[in-house]
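The values are calculated or read from the model by the stated rules, or taken from the named source; none is laboratory data. What you see is a predicted model, and the numbers here were worked out from it, not measured in a lab. Cβ placement follows ideal geometry from the backbone for every residue including glycine, while neighbour counts extend to all protein chains displayed.
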Amino acid sequence: TPIYEAAKGAVGVLSTENRKTWSGLRDVLSRDEGSNNSDCLNIVDSALFVLCLDYTEPTTGADLCMNMLCGSSEVEKGVQIGTCTNRWYDKMQIIVCKNGSAGINFEHTGVDGHTVLRFASDVYTDTILRFARSINGQAPSLWASSSPDPSKRDPSSFGDVSTTPHKLEWDMVPELSTALRFAETRLADLINQNEFQTLDLMQYGKNYMTSQGFSPDAFVQMAFQAAYYGLYGRVECVYEPAMTKLYHHGRTEAVRSVTTESVDFVTTFWGENPPAQKIELLKKACEKHTVITRDCAKAQGHDRHLYALFCVWQRSIDEEGAEAASSNGMDSNGYSSPQDGLSERDPSSAIDSPGRTSMLSEEGSVNAPSPTHGQSAHAMPTIFADSGWDKINNTILSTSNCGNPSLRQFGFGPTSGDGFGIGYIIKDGSVSICASSKHRQTKRFVSAIEQYFLEIRKLLKMTQRRGTSSDKNATKAREAEELRPKSKRTKNRGRLVGATDGKTGILTPHQEESAAASDDEDLGGYGFFDAGMLLQALKSSQEGQERPSEKAVARREVGKKLRLMEY
């Protein structure tokens, strides 16, 4: 089938529609019992997964992640021929590209990432073992399987199963063709709104971070917060899931990575502070994050509990609204949920996660629209009317640590329009990061994360070197620094203004320039972005022979932490 014709019959694109629209289209497909469309839909619904064979050959990590997450969008002669038409997004999908790149796409409602990770790991392990057996099938194995080899089983033992591929012939009635065209254009818009960037840190890994006394996951979490603060000058809501699989039917609890300790660290890191102080605060922030993560894994978190209370309140409102509507001869769907836009959703989805669209009144409470004009509005409980509840449910940095050596990348889309989705894998010798956003500077954010890792590694080396400066292997420069008489002046950025060169502890201009150059190695904050620019500005100001008063004003601005409006 030509690709242009195949795109017109890509029924899987309908699964990208919102739930209410897709539910109605499913009714269209299955309304005639025993029809061709109904049988095809039953085949798809009963499948364990969908195998997607793509013709594309993604070469970069960003293209690979985009193809696996949402597919590519490519229009030729007005027809969508991208891989986004080769999907069925309701199912778990195994995607294989022409160049052998493979990935898994799954819908998060029914399954968590670590469950799919186990599936991917078993497939990868089985592939490696099969390859090993092809080299030496007689070698003993530590992973002896009790299951019989499928290739040696009697075909009749599988039951009535056909392994021959058959094309699903859908009857594309005008209603479906029109819906498919609109669903495809909507999907293309959604794909074009998202961008992906990847980062592979080969000089980092679990081994290095643990050797420095840090929890690997906490160490990486602090990197995300510090990089974001360095770009935007503020701390935002951060989310990380913790598994609660110790409990029956347990899934996840929300780890809120932003703590007092982490805020102290990121603000200190971007300030003019000694390396030892930065590393000390980093350790405290990582220790706090580890404690919170362990508590959440033991079901001691607060997010899921508060959300359950919110659902209980909202369900009581929905039940009252349904009773009032039925007593007045109205359809229960005439009731509007306390959230903006919720009435446009499927009635079954009335219990939903609260977002920033909660309707706050001037008095600080949230009023639910009444089912009828005669009834009084229901006031939202005070805890859910608080602005903090809206903030905690608007995640700017949604992060997740999920992976092992069987995966190259792991990622997902942002959970809010102005946020980032960050998936990362911590391996023994490397860290792989996949970041996504809608209309944000994803590439710049990933670059800031990389620069942070390089800077913090340099700070760790500096603090360790200073701690062992008496070692025989210490560098000559460090030994000379130890022998140099200590200055009585406080360590700060730049030179003292209004002093003469002859006073004790005051450096000459030449010595000051050398000291500033050597001090740039210690520079946190914006130092690793613009240290060279600062030196050039200082040199040109000297040549201009500014008045002392002007020089004093300019000096106060050097090293100042920029606010967002000034940046």
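Whether any residue in the range 107-123 is of a type in the set (Ser, Thr, Tyr), closer than 25 Å to residue 86 by Cα, within 20 Å of the chain's Cα centre (by Cα) and loosely packed, with under 13 Cβ neighbours inside 10 Å is what I want to check. Steps first, answer last, please.
Filtering the range 107-123 down to residues of a type in the set (Ser, Thr, Tyr) leaves 109, 115, 121.
Filter again for closer than 25 Å to residue 86 by Cα, leaving 109, 115, 121.
With within 20 Å of the chain's Cα centre (by Cα) added as a condition, the list becomes 109, 115.
Narrowing the set further to residues that are loosely packed, with under 13 Cβ neighbours inside 10 Å leaves 109.
Yes - at least one qualifying residue is present in the range 107-123.
Identify the residue in the range 9-25 that is assigned to a helix (DSSP H, G or I) and surrounded by fewer than 17 Cβ atoms within 10 Å (Cβ to Cβ) and, among all such residues, is farthest from the chain's Cα centre (by Cα). First the steps, then the outcome.
Step one: of the range 9-25, the residues assigned to a helix (DSSP H, G or I) are 11-16, 19-25.
Next, only the ones that are surrounded by fewer than 17 Cβ atoms within 10 Å (Cβ to Cβ) stay: 19-21, 23-24.
Working: 19: 24, 20: 27, 21: 28, 23: 29, 24: 32 Å.
So the residue we want is 24.
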*Picking from 35, 73, which residue would you name as being under 27 Å from residue 438 (Cα atoms) and in contact (Cβ under 8 Å) with a residue 60 or more places away in the chain?*
73
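Somewhere in the range 187-195, is a residue of a type in the set (Gly, Ala, Ser), at pLDDT 80 or above and exposed (fewer than 10 other Cβ atoms within 10 Å of the Cβ)? Step through it out loud before you land on a result.
We begin by selecting, within the range 187-195, every residue of a type in the set (Gly, Ala, Ser); these are 188.
Still in the list and also at pLDDT 80 or above: 188.
Okay, now just the ones that are also exposed (fewer than 10 other Cβ atoms within 10 Å of the Cβ), so none.
Within the range 187-195, not a single residue is of a type in the set (Gly, Ala, Ser), at pLDDT 80 or above and exposed (fewer than 10 other Cβ atoms within 10 Å of the Cβ).
Hey, does the range 48-59 have a residue that's in contact (Cβ under 8 Å) with a residue 60 or more places away in the chain, surrounded by fewer than 18 Cβ atoms within 10 Å (Cβ to Cβ) and not polar (S, T, N, Q)?
Within the range 48-59, the first condition is being in contact (Cβ under 8 Å) with a residue 60 or more places away in the chain, and the residues that meet it are none.
No, the conditions are met nowhere in the range 48-59.
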*Starting from residues that are closer than 16 Å to residue 402 by Cβ, in contact (Cβ under 8 Å) with a residue 24 or more places away in the chain and not polar (S, T, N, Q), keep the ones in the range 95-106 and report whichever is surrounded by the fewest Cβ atoms within 10 Å (Cβ to Cβ).*
104
_Filtered residue count, the range 42-57, keeping only those that are over 22 Å from residue 119 (Cβ atoms) and assigned to a loop (DSSP other than H, G, I, E, B)_ = 3
_Check on residue 311, part of a helix (DSSP H, G or I) and under 20 Å from the mean Cα position of the chain (by Cα)_ = no
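Here are some residues: 308, 297, 276. Which one is surrounded by fewer than 17 Cβ atoms within 10 Å (Cβ to Cβ) and in contact (Cβ under 8 Å) with a residue 24 or more places away in the chain?
On the way: 308 fails: in contact (Cβ under 8 Å) with a residue 24 or more places away in the chain; 297 fails: surrounded by fewer than 17 Cβ atoms within 10 Å (Cβ to Cβ).
Answer to the selection: 276.
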*Got a number for residues in the range 390-407 being surrounded by fewer than 18 Cβ atoms within 10 Å (Cβ to Cβ) and under 18 Å from residue 103 (Cβ atoms)?*
3
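Step by step: first the residues of the range 409-429, then only those that are among the charged types (D, E, K, R) and in contact with a helix residue (DSSP H, G or I) (Cβ under 8 Å, 6 or more places away or on another chain), then the one that is surrounded by the most Cβ atoms within 10 Å (Cβ to Cβ). Which residue is that? Explain how you work it out, then say what you get.
Keep residues of the range 409-429 that are among the charged types (D, E, K, R), which gives 418, 427-428.
Filter once more, so that each one left must be in contact with a helix residue (DSSP H, G or I) (Cβ under 8 Å, 6 or more places away or on another chain): 427-428.
Details: 427: 19, 428: 12.
The residue in question is 427.
Here is a yes/no grid of residues against (1) closer than 22 Å to residue 252 by Cα; (2) small (Gly, Ala, Ser); (3) out of contact with any Gly (no Cβ under 6 Å at 6 or more places or on another chain); (4) not in a strand (DSSP E or B):
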position: 390; (1), (2), (3), (4): yes, no, yes, yes
position: 403; (1), (2), (3), (4): yes, yes, yes, yes
position: 414; (1), (2), (3), (4): yes, no, no, yes
position: 418; (1), (2), (3), (4): no, no, yes, yes
position: 421; (1), (2), (3), (4): yes, yes, no, no
position: 424; (1), (2), (3), (4): yes, no, yes, no
position: 429; (1), (2), (3), (4): no, yes, no, yes
position: 435; (1), (2), (3), (4): yes, yes, yes, no
